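A.B. asks: Sharing a structure, written as structure tokens. Questions coming.
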Amino acid sequence: MNHTTPEREDIRANDNPIGMDGIEFIEYATSKPQALGQVLEMMGFRPIARHRSREVMLYRQGEVNIIVNAHHAAHSQSAAPDEQPVIAAMALRVRDAGVAYQRALDLGAWAVPTRVEVMELNIPAIHGVGQSRIYFVDRHRVFSIYDVDFVPIPGVDQHPPAQHGLHLFGLVQYIGNERTADWTEFYQSLLGFETLPDAQRFGILPKGRILRSPCKGFHLQLIEPEPSVLDVEDDEHFQRLGLGTSDVAAAVTSLSALGVEFVEHAHSTSQRAGALTRNWMGSVSFELVGHVMP
């Protein structure tokens, strides 16, 4: 009899309590979906499917899925999508969505009421930073959520290749003054994230705290305002996506040819570590991060 197996299984469960396996999609909300779509296409994403009943479009490149949502009723009770896009949600791939959702509620998360229409999936979600949501998705292998809710665009490649191996490295989250400990506890307790050492940095912005997902597939960077800035707790939000690539310089060259503009940054000494795009539509930017997928 192998007496060590149960202990090893318990350790793995504690390290990744909800069986997280990366991010299924990132959702932007905007009243200008065509303009945002043009930005995404410059970044190498392609529109591949439309939602059956809502003004929602699915974009993809490689393994990265981005949903552009212009459907008013899908957002907070009082606010419709604004012209400036916001990162409205991230969807986590998990072993069992119902179990992950209930565990989060038991630990103090706030539930997001869902309004499911005919022929739509009920995807459980909790409140995240600001007005954002964190979805739990367990249909992401043979059968996906897009098979039910979306209609493929005819003649379009459903799996467009990634520019220079671009993959989702993580998200940057702006938080309020002295809120790092609160948000670290949120992600650690509810979802199993771990804090990386301060010396372990990625990209071009050596700020804030880096959290790594329990599946080790992506990161969150929590950034407080500069010390001179007054309290901004009400302005907490996901700021931008980080896209990993094994060759930042080549990716910059390729994307620049498509019209993407990159900005100089005080912390950037070379393009090996990363690069930051200009800001579009008042709120949309992307950070390239030198990173090789494991």
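The values are calculated or read from the model by the stated rules, or taken from the named source; none is laboratory data. All figures in this text were calculated on a predicted structure; none of them were measured in a lab. No Cβ is skipped: glycine too gets one built from the backbone with ideal geometry, and neighbour counts run over all protein chains shown.
A.B. asks: Tell me yes or no: at least one residue of the stretch 178-187 is polar (S, T, N, Q) and in contact (Cβ under 8 Å) with a residue 12 or more places away in the chain.
C.D. replies: Yes: the stretch 178-187 contains one or more residues that are polar (S, T, N, Q) and in contact (Cβ under 8 Å) with a residue 12 or more places away in the chain.
A.B. asks: Next question. Restricting attention to the stretch 169-183, report how many residues are crowded, with 18+ Cβ neighbours inside 10 Å and either on the phi > 0 side of the Ramachandran plot or touching a Ser or Thr at 6+ places or on another chain (Cβ under 6 Å) (or both).
C.D. replies: Selection size over the stretch 169-183: 1.
A.B. asks: What are the pairs with Cβ atoms under 6 angstrom where one residue, in the stretch 25-44, is crowded, with 20+ Cβ neighbours inside 10 Å and the other, located anywhere, is among the β-branched types (Val, Ile, Thr) and part of a loop (DSSP other than H, G, I, E, B)? Sequence gap at least six, or different chains.
C.D. replies: Between residues of the stretch 25-44 that are crowded, with 20+ Cβ neighbours inside 10 Å and residues that are among the β-branched types (Val, Ile, Thr) and part of a loop (DSSP other than H, G, I, E, B), the close pairs are 36/30.
Residue by residue, here is whether (1) farther than 20 Å from residue 127 by Cβ; (2) of a type in the set (A, V, I, L, M); (3) within 19 Å of the chain's Cα centre (by Cα) holds:
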position	(1), (2), (3)
163	yes, no, yes
175	no, yes, yes
190	no, yes, yes
196	yes, yes, yes
205	yes, yes, yes
213	no, no, yes
216	yes, no, yes
227	yes, no, no
239	no, no, yes
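A.B. asks: Same structure, new question: Hey, does the stretch 265-276 have a residue that's within 28 Å of residue 32 (Cα to Cα), of a type in the set (A, V, I, L, M, F, W, C) and modelled with pLDDT of 95 or more?
C.D. replies: So far as the stretch 265-276 goes, no, none of its residues is within 28 Å of residue 32 (Cα to Cα), of a type in the set (A, V, I, L, M, F, W, C) and modelled with pLDDT of 95 or more.
A.B. asks: Hey, among the residues in the stretch 127-161 that are among the aromatic types (Phe, Trp, Tyr) and over 14 Å from the mean Cα position of the chain (by Cα), which one's modelled with the lowest pLDDT?
C.D. replies: Restricting attention to the stretch 127-161, the residues satisfying the condition of being among the aromatic types (Phe, Trp, Tyr) are 135-136, 143, 146, 150.
Pick out the ones that are also over 14 Å from the mean Cα position of the chain (by Cα) and you get 143, 146, 150.
Values: 143: 77, 146: 91, 150: 93.
The qualifying residue modelled with the lowest pLDDT is 143.
A.B. asks: A further question on this structure: When you check residue 121 against the structure, is it outside the structural domain of residue 190 (by TED's automatic domain parsing), aliphatic (A, V, I, L, M), at pLDDT 95 or above and over 19 Å from the mean Cα position of the chain (by Cα), yes or no?
C.D. replies: Taking the combined requirement at face value, the residue does not satisfy it.
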